[in-house]
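The next block holds one structure in the form of structure tokens; read it before the comments.
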Amino acid sequence: MPEYKTVKVNVGKGYDVLIGGGLLSDCGGLIAGAVGKCRAAVITDSNVEKLYLKTVLDSLKTADIDAVSFTFPAGEENKNISVLSDILEFMAENRLGRGDIVIALGGGVTGDMAGFAAAVYLRGVRYVQLPTTLLAAVDSSVGGKTAIDLTRGKNLAGAFKQPETVICDTDTLKTLSPYQMSNGMAEAIKTGVLFDRNLFCMFDGDVSGERLESVIEQCVRYKGHIVEIDEKERNERRLLNLGHTIGHAIEKCSEYKMGHGHAVAAGMAMICRAGEKLGVTEPGTAEAVCDTLRRFDLPTNTDYNTGDLVSAALSDKKRSGGTITFVVPERIGKCVLTTEPVEALGRYIELGKDK
Ligand code: GLY
């Protein structure tokens, strides 16, 4: 068995996030240890299928877990009700029972959709996350948010459903494109801006190998802690939306051609700039954040016009009534929630633009 780090997330009965190289080859034994004897439906996409499905199925077989697999076409545009329905029908056809499990093998799209399938199939079966992108490793595979997109926007239907375990094989990150790596780096940098200047400073150097594992471990620890104190995003968990209000608007304006992390990076840079102009954010923060984002080829601004961004943001589900909550850095490592009338959104965007 390869070496790995373990982060415990104490929500409900609690679960372990395992982080290390080579774990997919041993995932069967690790999953059996977490969930006991059962059958499994492995859900993956057409990219990840080619790379890792066989390794996972072989390992499940060795651990005596009888598994079936379902592959959907890769891409955010497939995180929809039609593919979810296909997954549910597949599970029913294969007579998955209440004691059986769903295994999400892939990035954020797969984790969100397979997790949602697990949340609703037979009124809820257990599931396991096997993240294969940096974005899924540092953010979406932990914390139990599951969802599909609706025509009106991203993640508009979903459930909170914690996994039984998360097994992050860091070797899978070696096959990611530079764009996909940057996409995940944005969420990791976000964690540094939110909670920890030392973590933020780790992005000054080369982030690979041991250093990348340490970054993932720290991001999972911070996220796990926030989810422990506010699983359903009523208070502190909203901090994790740093850069997301403007970021989601950019993502939507790009018709989801821009990666989530890239859009969040631009949103984060813009809220830092706006925060400085409003006297909330320590001067120099925006420059430091932008310098770090640029090191990973992440955007720090947007050309979309403010009116289009406001319209896109106001269909975001995180708006409640006539107010909108922004996450604003006071300095690197410390952010605050600020609730404003929705009319303030245009002003924040204008102040955030680097003109
Ligand atoms: N990605 C933000 C959260 O899980 O709350």
In terms of the alpha carbon gyration tensor, root eigenvalues a ≥ b ≥ c, rounded if a/c is under 1.5 and otherwise prolate when a/b exceeds b/c or oblate, segment 17-149 is rounded
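Relative to the Cα centre, what is the charge dipole magnitude of segment 252-332, using +1 at the beta carbon of each Lys and Arg, -1 at the beta carbon of each Asp and Glu, and rounding to the nearest 20 debye?
Details: 10 positive and 10 negative charges, 51 e Å.
Rounded to the nearest 20 debye, it is 240 debye.
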Calculate how many DSSP beta bridges within segment 1-125 are antiparallel, expressed in % of all such bridges and rounded to the nearest 5.
30
Whole-Hz Karplus ³J(HN,Hα) for segment 7-24, in order, using 6.51 cos²θ - 1.76 cosθ + 1.60 and θ = phi - 60°, x for Gly and Pro?
10, 8, 10, 8, 10, x, 7, x, 8, 9, 10, 9, 10, x, x, x, 6, 4
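Sort the following peptides by mean Cβ neighbour count (other Cβ atoms within 10 Å, averaged over residues), highest first: 198-211, 293-306. Write down the numbers at each step before the final one.
Numbers: 198-211: 14.1, 293-306: 17.6.
Ranking, from highest mean packing down: 293-306, 198-211.
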Gyration tensor (alpha-carbon) shape descriptor, segment 128-259, a/c threshold 1.5
rounded
To the nearest 20 debye, the chain has a Cα-centred charge dipole, built from +1 on Lys and Arg Cβ and -1 on Asp and Glu Cβ, of 780
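Counting Lys and Arg as +1 and Asp and Glu as -1, what is the net charge of the other residues whose Cβ lies under 12 Å from the Cβ of H260?
Numbers: positive: K79, K154, K190, K252, K257; negative: E76, D112, D139, D149, E187, E251.
Result for the local shell: -1.
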Say the cut-off is 27 Å between C-alpha atoms; which of K5/K145; K13/K154; K79/K277 go over it?
K13/K154; K79/K277
For F72, distant residues with modelled amide H under 5 Å away:
T44, D45, S46
Quick one: what are the phi-derived ³J(HN,Hα) couplings along segment 163-179, Karplus 6.51/-1.76/1.60 with θ = phi - 60°, whole Hz, x for glycine and proline?
x, 7, 6, 10, 10, 9, 8, 5, 5, 5, 6, 5, 9, 6, 6, x, 5
MRE, 222 nm, helices only [DSSP H, n ≥ 4, -39500 (n - 2.57), over the chain, to nearest 500]:
-12500 deg cm²/dmol
Shape of segment 244-355 from its Cα gyration tensor (a ≥ b ≥ c, root eigenvalues): rounded if a/c is under 1.5, otherwise prolate when a/b > b/c, or oblate?
oblate
Can you compute the modelled spin-label distance between R98 and N305, with each label point 7 Å from Cα toward Cβ, in nm?
5.7
Residues with beta-carbon under 15 Å from that of E210, excluding E210: net charge, scoring Lys, Arg +1 and Asp, Glu -1?
-2
In degrees between 0 and 90, to the nearest 10, how far off the longest principal axis of the chain does helix 81-93 point, with axes built from Cα atoms?
20
Quick one: Karplus J couplings for segment 253-262, per residue in order, coefficients 6.51, -1.76, 1.60, θ = phi - 60°, nearest Hz, x for Gly and Pro?
4, 7, 6, 6, 7, 7, x, 4, x, 4
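Since every read-out is calculated from the coordinates, none of them should be taken as a lab result. The shown structure was predicted, so the numbers you read here are calculated from the model rather than taken from an experiment. When we count neighbours, we look across all protein chains shown, and the Cβ atoms used for this are built from the backbone with ideal geometry, even at glycine.
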